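A quick write-up on the structure given underneath.
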Amino acid sequence: MRRRLARIAWRFLLASLLAGCPAAPVDDGGNDNLPPTGLTVEIGYTDETGLNYQVIPDGGVMPLFTIGQGGSHMFATLRATGFPVDEFGTANINLDEFVTLGPDQRVIHNLSEPVTFFSIADDGVEVQSRRIVFDALPTEVDGQLISVEFTLTSVADPTINARITQTLLMDLP
């Protein structure tokens, strides 16, 4: 019986090797769990037209804005490539946003929702502009470093996902 199980196991192993195995996920600077499809995610902002995209590097300055009754928020634009798109050129993605403030890592924003990324070019680049409202006063956030984490998961294929974690310096104009 042991010999028979050993032969079955050996045949299974040999068949697996001959069939090939999928490429391991790659990490290209902050993106986790990437299948070999060229996924990228960047944090930045766009101008009023929504077309001119500017990447914000890690530790870069992100404008902080105030809203009614003393709240604070930022406008972030995420740019992604490599996600499956539908016949209209849009990528349907589940987006998780997580923002912490300061050295104690106080959570000031935590949200998950489905969103649609809209194509800005024929090369598969998709963008999504976000108003991210903080659970903190502008005086608490202005001049402070925040840690942002965005996780994007394709609705069409949940195995296609990417994450970016970055530090931003908040600046109240």
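Observations
- So residue 62, is it more than 13 Å from the chain's Cα centre (by Cα), closer than 15 Å to residue 165 by Cβ and assigned to a strand (DSSP E or B): yes
- Subset of region 120-145 [surrounded by 15 or more Cβ atoms within 10 Å (Cβ to Cβ), of a type in the set (S, T, N, Q) and over 15 Å from the mean Cα position of the chain (by Cα)]: 144
- Of the listed requirements (1) β-branched (Val, Ile, Thr); (2) modelled with pLDDT of 95 or more; (3) under 21 Å from residue 47 (Cβ atoms), residue 127 misses just one: (2).
- Qualifying residue in region 99-119 (condition: surrounded by 15 or more Cβ atoms within 10 Å (Cβ to Cβ) and touching a Lys or Arg at 6+ places or on another chain (Cβ under 7 Å)): yes
- Any chance residue 93 is of a type in the set (Val, Ile, Thr), over 25 Å from residue 63 (Cα atoms) and part of a strand (DSSP E or B): yes
- Meets criteria (of a type outside the set (S, T, N, Q), more than 21 Å from residue 162 (Cβ to Cβ) and modelled with pLDDT of 70 or more) for residue 103: yes
- Selection within region 67-89 - buried (at least 16 other Cβ atoms within 10 Å of the Cβ) and either in a strand (DSSP E or B) or charged (D, E, K, R) (or both): 72, 73, 74, 76, 77, 78, 79, 80, 81
The values are calculated or read from the model by the stated rules, or taken from the named source; none is laboratory data. For clarity, every value in this text was computed on a predicted model and none was experimentally measured. Counting neighbours? That spans all protein chains shown, and the Cβs are built from the backbone with ideal geometry, glycine included.
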